[in-house]
Each structure stands twice: as C-alpha cells, then as structure tokens.
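Report on the structure given below.
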Amino acid sequence: MFMEVTMYLSKVLVAGSFCRNPYDVHRALWSFFPGDTESRRDFLFRIVQADHAWTEMLMQSTRLPEQQGDMARIVACKEFTLVLQAGQRLSFLIVANPVKTIDDEGARLDSQGRLKKCRVPLVREVERREWLERKLQKFASLETVIIESGLPIRFKKGRESRVGKIQPVKFRGVLEVKDVDGLSEIVRNGIGPAKAFGCGMLSLARA
C-alpha cells in the first residue's frame, strides 16, 4: 500500500521587527492565505535562521500561498509530492514541543471548579524520545534519533500579561513507515502543541 501527499513548500522571510512577538509571526503567515477567516489553519512552519533584519522560515501548506504586503515575503515556493509506502525507510526532521500535563502549581480552578492543568516541558532526553515514540507509534517506528535543544521562545499570555515559555526540541533521524494513512495525516497536521510558534512540522526524505 502506498499514498501520495501533495502540498506546497515555501521559503519565507519575515521582517525582524515583526518577530518580537511570536503571535505576530503567525499572523504574518496567515496573511498568505486570504479568504475565509474562519477556516482551519492548514499550514505549518519552522524557523531556519534569524538575524535583526529578517527571519527565514520554511512553511508547508495544503494551499498555494499568495504574497500579501511587505512584512513577510515568499522567496520561493514549489509544489511537492511525498510518496509513502509501508516498510519504507525515511530520514526525518522535526522541531517539536514535547510536554507533559500536570496540575496547576497555584492550585487554581477552572470555570467548572476543577483544578486547572498546565503543560510543562520534558527536559530529560529519554522522556523526549519516549514522547516522540508515543506520537508516532501507530504510524512509524524509529530506527535512529538525534535530539537537540533549541533556544526557548517567550511570549505574553493574553490579557494576563504573564510570560509563557516554549522549549523547542529538534529531532532528526531515520524511521520506518508502518501506516501510510496515519503518517500522511501527521505530515499534513503536524505533531504536538505550539504549532503557532513554529513547532510540529514533520519533514521526510529518502534515507
């Protein structure tokens, strides 16, 4: 059994002044897809490199992006088709946000009177690997994995003005495809939380 997944891959530059707030970056990328403002986000991205002037990003989308304004520029865009087949060995790369859920440290309650939950980053390498294995276990098996911590991303939490932090982690290695339908969904929709902050995009290539 095999499946073809066709999408668009774009190299994007976002003005450095627009990258101080991670939410603005997400808004800039949304501008490439005008139309239905209620539509579900159908793109993923990750930061490739950044300086004071511009931040370079790789964006994957199911729709063809359209250039809008000058705060973010599409440098290149191509359509690509990923062919998945059971038993296939592929190299992979993903920047993700591996977390676990715990009870709120301040013992705050939600609107239903229940103890609030919060996400905390996984810091031990073995926990991070196990997290990725759980996310992929039904769809692919990991052969090799290299894990690297990235720079933390800080942001303000809405009206509360509390500062939140995301700890991106880069995973790369080789996997074997088990379920082509399930893995294709992961490629389209991403893995884990913090997709609006550049996490979750799974890139696959021939091993």
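The values are calculated or read from the model by the stated rules, or taken from the named source; none is laboratory data. From a predicted model like this one, the values you see are computed outputs, not experimental measurements. No Cβ is skipped: glycine too gets one built from the backbone with ideal geometry, and neighbour counts run over all protein chains shown. These accessible areas exclude ligands, DNA and RNA; they are computed on the full protein's heavy atoms, side chains included. Shrake-Rupley method; radii C 1.70, N 1.55, O 1.52, S 1.80 Å.
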What number comes out for accessible area per residue over the chain if the probe is 1.4 Å? Units Å², please. 58
Taking mean projected area of the Cα convex hull in nm² as the quantity of interest, determine which of [x] 13.2; [y] 12.5; [z] 15.3 was computed from the displayed structure. [x]
Percent of accessible area on segment 1-94 owned by carbon and sulfur, 1.4 Å probe? 51
Roughly how many debye, to the nearest 20, is the charge dipole of the chain about its Cα centre, given +1 on each Lys and Arg Cβ, -1 on each Asp and Glu Cβ, and no other charges? 600
Express the relative contact order of the chain as a whole percentage, based on alpha carbon pairs under 8 Å and six or more residues apart in sequence. 28
For segment 8-67, which trypsin sites (Lys or Arg not before Pro) are in a loop by DSSP, counting at most 16 other Cβ atoms within 10 Å? ARG20, ARG40, ARG41, ARG63
Where the centre of each part is set by its Cα atoms, how far does segment 11-33 sit from segment 169-203, in angstrom? 22
Residues whose built amide H sits under 5 Å from the amide H of LYS156, excluding neighbours closer than 5 in sequence, are GLY164
Just to be sure I understand: of the beta bridges DSSP finds with both ends in the chain, what percent are antiparallel, rounded to 5? 100
So if each residue of separation counts as 0.36 nm, and I subtract the Cα-Cα distance between LYS100 and LYS178, what length gain in nm does that give? 25.5 nm
Hey, in the GNM for the chain with a 10 angstrom Cα cutoff, which one of ILE146, ILE94, ILE102 fluctuates hardest? ILE102
Extended-chain gain in nm, criterion 0.36 nm per residue less alpha-carbon gap, GLU4 and TRP30: 6.8 nm
From the square roots a ≥ b ≥ c of the eigenvalues of the alpha-carbon gyration tensor of segment 144-207, which class results: rounded (a/c under 1.5), prolate (a/b over b/c), or oblate? oblate
